[in-house]
Amino acid sequence: MIKQLELGTILGAIVLFVWSALAWMIIPWPGEPLRHFTSEDAIVAAIKANVPRSGNYLIPNEPQRLPGMTEEQYQKAMKDAEDRMNNGPMVFAAVRLEPVSMAKAMVLGFLTNVIAVFLACVLLLQTDRLSYRGRVLFVAGLGLLVFLAGHLDEWNWWGFSTAYMMMQLGALVIGWILSGLVIAKFVRGKTAV
């Protein structure tokens, strides 16, 4: 069982990592999932002038209840924020002001894949009497679960484009199917058919 877990985890994580790299860097997904600003320089200048530190930002954001603010003032600020949300634009942004190390991001990405695939292998080991195809579908279902539980709300709440969400769906589910093809060869569950 340990050997199943080791081989399934390492080989499955490699497949998932390679597919993810291809999906993000090479595959031309339809529908323009990541659009371009008309002037990146103007956006960068606005961010540098208005973003005090790295983090997630929301426009319009819920107003803060400042010391000394009356309930009436706070309710007016809430109404103003609601009006801005109803009239648009709305922006949800992850801002990183520090330089990005691609090598560090790749290492962390691979380690994340190892942990996720390890957990998938542990779950697969708990199954009983699944055929090879059943084991692949089980792992693919986990990839679909990752998308549904971890990403679909970004479309609903933050306005991520449908093209971006379809790219995420393809990158995740196809990656987990490919990884599942490898994992299912080694991780057979309690009683494999």
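Just so you know, all these numbers are worked out from the coordinates, no wet-lab data involved. Values in this document were obtained by computation on a predicted structure and should not be read as measured data. Note that each Cβ is placed from the backbone with ideal geometry, even for glycine, and that neighbours are counted across all protein chains shown.
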Looks like region 135-193, by Cα gyration tensor root eigenvalues a ≥ b ≥ c and the a/c under 1.5 rounded cutoff (else prolate when a/b is bigger than b/c, oblate otherwise), is prolate
Rh_Kirkwood(the chain) over Cα pairs, Å, one decimal, evaluates to 19.8 Å
Fewest-first ordering of V114, V51 by Cβ atoms within 10 Å yields V51, V114
